[in-house]
1. Kindly indicate the residue of segment 13-45 that is under 16 Å from V92 (Cβ atoms) and of a type in the set (G, A, S) and also surrounded by the most Cβ atoms within 10 Å (Cβ to Cβ) among those meeting that condition.
2. What is the residue count in segment 88-115 for residues that are touching a residue at least 12 places away in the same chain (Cβ under 8 Å) and over 16 Å from T19 (Cα atoms)?
3. Considering segment 46-71 alone, what residues qualify as being of a type in the set (G, A, S) and under 13 Å from C95 (Cβ atoms)?
4. Could you tell me which numbered condition K86 fails, if it satisfies all but one of (1) within 15 Å of the chain's Cα centre (by Cα); (2) at pLDDT 95 or above?
5. Pick from segment 90-113 the residues that are assigned to a strand (DSSP E or B) and of a type in the set (S, T, N, Q): which of them is surrounded by the most Cβ atoms within 10 Å (Cβ to Cβ)?
6. Condition first: under 17 Å from P100 (Cα atoms), of a type in the set (S, T, N, Q) and either open to solvent by less than 30 Å² (accessible area, probe 1.4 Å) or under 15 Å from the mean Cα position of the chain (by Cα) (or both). Now tell me which residues in segment 46-63 satisfy that.
7. Residue by residue through segment 64-89, note down the ones that are in a loop (DSSP other than H, G, I, E, B) and open to solvent by 30 Å² or more (accessible area, probe 1.4 Å).
8. List pairs: first in segment 27-54 and under 16 Å from L80 (Cα atoms), second in a helix (DSSP H, G or I) and open to solvent by 40 Å² or more (accessible area, probe 1.4 Å), Cβ under 9 Å, 6+ apart or cross-chain?
Amino acid sequence: QVQLVESGGGLVQPGGSLTLSCVVSGSIFSILAMGWYRQAPGKQRELVASITSGGSRNYADSVKGRFTISRDNAKKAMFLQMINLKPEDAAVYYCNRPGPLLFYWGQGTQVTVSS
């Protein structure tokens, strides 16, 4: 069974930066497209960035130019570098496949953007 473990969240001031990490158990990571989602209180979970097995990237308009998704297949890990963070970026961030078939969700990592 694939397990997803996110880390790297925290409290940052507006304009600050964070890098999130996602480690995926199982041997199939290198062939999977993967994505980063976020869910703010009272809002639906949304996909903000995705990356194919070959490294092609897509971003939601709200994060384009500020977030960078990357992966390290040897480490079965994926990353989300976030710069120029805004209060509206505050959410719990999760990694998973970009759909439609999803793994069980991990616990996520909280990102708080506040002065």
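1. Going through the qualifying residues, I end up with G35.
2. So the count comes out to 12.
3. Residues satisfying the conditions are A49, S50, S70.
4. (1)
5. N96
6. Once the filter is applied, which keeps residues that are under 17 Å from P100 (Cα atoms), of a type in the set (S, T, N, Q) and either open to solvent by less than 30 Å² (accessible area, probe 1.4 Å) or under 15 Å from the mean Cα position of the chain (by Cα) (or both), segment 46-63 yields S50, T52, N58.
7. Initially, segment 64-89 is screened for residues in a loop (DSSP other than H, G, I, E, B), giving 64-66, 76, 83-86.
Answer for segment 64-89, where residues must be in a loop (DSSP other than H, G, I, E, B) and open to solvent by 30 Å² or more (accessible area, probe 1.4 Å): K64, G65, K76, I83, N84, K86.
8. S53/S30; S53/I31; S53/N73
The values are calculated or read from the model by the stated rules, or taken from the named source; none is laboratory data. Note that the structure is a prediction, hence the values are computed from the model and not measured. Backbone-built Cβ (ideal geometry, glycine too); neighbour counts: all protein chains shown. The protein model used for the area step is the full one, side chains on, heavy atoms only, and it has no ligands, DNA or RNA in it. Shrake-Rupley method; radii C 1.70, N 1.55, O 1.52, S 1.80 Å.
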